[in-house]
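Down below is the structure, laid out as structure tokens.
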Amino acid sequence: MDTPTYDIVISGAGPAGSALALILAGKSPRPERIALLGRQFHAGRHQDGGVDPRTLALNHGSRVLLEQLNSWPAESASIDTVHVSQRGRLGRALITHDELGVPRLGSVVTYDALLAAQHQALRQSGVTLLEAASTPLPGPGHVLFQHEGRDLSGSVAIQSDGARPQGIERHYKQHAVLATVRASRPRKGWAFERFTRQGPLAALPHPQQDDVYGIVWCCAPEDAARLQALPDHEFETALHRMFGDRLGRFQCLAERHVFPLALHAGPSLISDRTVAIGNAAQTLHPVAGQGLNLGLRDAAQLGQALAPWLARPHTDPSPLLARFAGMRRPDRWLTAGITDFLPRAFSTGNPLVEHAGGLALLALDLAPFLRKPLARHLLQGLRT
């Protein structure tokens, strides 16, 4: 067999794929033999030329990883306290950074700022950056890619391009309305997760200013379309009615966007030399903001698994990739299970279930031995 063009080819230059490329570059004696394929190296723009509207809630573990990779953006907003409640029912829970012994529970960054910081670090890493999007095709002892009319090959291929995973699928019949608002009574360092019968409603501190919040409002598709089309003053009133008085009145600052919500999860190991991480392995409901955090844990553990192989890339990587897939399984499925259960349990409309949810929030608030394991999982994932 001819020598592959690259040791590792990563298809997808989003946050998870970029983080993996940076991790591997730090472990490889020849980082130029790691290729990252994507169409996003000019960060800050969609393919249609617009600015990406997403804000990302990254937990403490994710921030530590990105700081170690010199790819943390200059602007971020800290989350010190998370307030969880249920509209129309008693019971709420507070999770604070003090009780977990960390400087903050997490941070909020914009998607564009994170990607720009990662790509800046990549340009100094030695990794080969290719403006292309491609799907890997398994071959004998290597994986093939197409780039600008010619074949590329890699000993290992990683899919991180957001290709829909094949396996478990659930459509929540919810869309997420994304909005950026100013609050008249902001609470610095506080993030809010409020469960409603239509779906969870999150208010996240925004890196733009202390009184600005990123809103993620999950509701039925027809309601999402209506909320997107409302004049600003009517949307502000509707948001206040659903969220309550904790942050005062709201003022819209930007255009609203709507995204459909679904769970897609498949195996990490696609073939003996191809693995999937991030959104190519699992796309989750945005409740509790776990999607990218889980993808970054995929990247960190895959980088650790491949570190010894990078020193001997002529050897067979298949056993290491199979071991990686097995080690990631518990964290992936537990996190997917939590984010699948919560939005469905709190939106049944069944009063008994809603009261049970309120009692569960009250128990979490009163009993640290119940609250801390859940908080630690959301903070750093399931360690194996």
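Arranged from highest to lowest average of other beta-carbon atoms within 10 Å per residue, in what order do the peptides 69-79, 154-164, 182-192, 306-316 appear? Don't jump to the answer; show the numbers that get you there.
Working: 69-79: 18.8, 154-164: 23.7, 182-192: 17.3, 306-316: 15.1.
Ranked by mean Cβ neighbours within 10 Å, highest first: 154-164, 69-79, 182-192, 306-316.
Calculate how steeply helix 318-345 sits against the longest principal axis of the alpha-carbon atoms of the chain, using the helix alpha-carbon long axis, and give the answer as 0 to 90 degrees to the nearest 10.
Long axis of 318-345 versus the principal axis of the chain: about 10 degrees.
Could you work out how far apart the two model spin labels at Q251 and N70 are, taking each label as a point 7 Å from the Cα in the direction of the beta carbon, and quote it in nm?
About 4.1 nm separates the two model spin labels.
Give, as ranges by residue number, the residues of the range 1-39 whose backbone N falls under 17 Å from the point 7 Å along Cα→Cβ of Q146.
Correct set: 11-12, 37-39.
Identify, among S160, G106, L94, the residue whose Cα sits farthest towards the positive end of the charge dipole of the range 56-207, taking +1 on the Cβ of Lys and Arg and -1 on the Cβ of Asp and Glu, with the dipole about the Cα centre.
L94
K173 versus A262, label points 7 Å from Cα toward the beta carbon: distance in nm?
Between K173 and A262, the simple spin-label model gives 1.6 nm.
Given a Förster distance of 30 angstrom, what is the FRET efficiency for T348 paired with R226, based on the Cβ-Cβ distance and rounded to 0.05?
E(calc), rounded to 0.05, equals 0.85.
Show me, for the range 238-250, the HN-Hα J-couplings you get by feeding each phi into the Karplus relation (A = 6.51, B = -1.76, C = 1.60, θ = phi - 60°), rounded to Hz, glycine and proline as x.
Once rounded to whole Hz, the list reads 5, 5, 4, 4, 7, 7, x, 9, 4, 10, x, 8, 10.
Let me spell out the model: positive unit charges on the Cβ of Lys and Arg, negative unit charges on the Cβ of Asp and Glu, origin at the Cα centre of the range 268-333. What dipole size does that give, in debye rounded to 20?
Working: 7 positive and 4 negative charges, 16 e Å.
About 80 debye.
Go through 290-300, 222-232 and give me the packing order, highest mean Cβ count within 10 Å leading. Walk me through the numbers before you get to the answer.
On the way: 290-300: 24.7, 222-232: 14.9.
So the order, starting with the most tightly packed, is 290-300, 222-232.
How much length is gained on full extension from D210 to R197, taking 0.36 nm per residue of separation minus their Cα-Cα distance?
Working: separation 13, 0.36 × 13 = 4.68 nm, distance 2.92 nm.
Going from the current span to full extension adds 1.8 nm.
Using the Kirkwood formula on the Cα atoms of the range 68-129, what hydrodynamic radius do you get, in angstrom to one decimal? All intermediate terms of the calculation are to be shown ahead of the outcome.
Details: mean 1/r = 0.0696 Å⁻¹.
Averaging 1/r across every pair of different Cα atoms and inverting gives 14.4 Å.
Between helix 291-310 and the chain, what is the angle of the helix's C-alpha long axis to the longest principal axis, kept within 0 to 90° and rounded to the nearest 10?
20 degrees
Would you mind classifying the range 165-261 by shape? Square roots of the alpha carbon gyration tensor eigenvalues, ordered a ≥ b ≥ c; an a/c under 1.5 is rounded, otherwise it is prolate if a/b is larger than b/c and oblate if not. Present the calculation step by step, with values, prior to reporting the outcome.
On the way: a/c = 1.93, a/b = 1.54, b/c = 1.25.
Prolate, since a/c reaches 1.5 and a/b exceeds b/c.
If you take all C-alpha pairs in the chain, what percent of them are over 29 Å apart? Before the final figure, lay out the partial values.
Working: 31529 of 73536 pairs.
Every Cα pair in the chain considered, those over 29 Å come to 43 percent.
Using amide H atoms built 1.01 Å from N in the peptide plane, name the residues 5+ places from G14, or on other chains, whose amide H lies under 5 Å from its own.
none
What FRET efficiency comes out for Q304 versus F341 if R0 is 35 angstrom and r is the Cβ-Cβ distance? Round to the nearest 0.05. Please report the intermediate quantities before stating the final value.
Numbers: r = 29 Å, r/R0 = 0.84.
Rounded to the nearest 0.05, the efficiency is 0.75.
Report the calculated FRET efficiency for R185 and R329 (r = Cβ-Cβ distance, R0 = 41 Å), to the nearest 0.05.
Working: r = 44 Å, r/R0 = 1.08.
Efficiency, from the Cβ-Cβ distance: 0.40.
Rule-based calculations on the coordinates, nothing more; no lab input. This is a predicted model, so every value here is computed, not measured. Note that each Cβ is placed from the backbone with ideal geometry, even for glycine, and that neighbours are counted across all protein chains shown.
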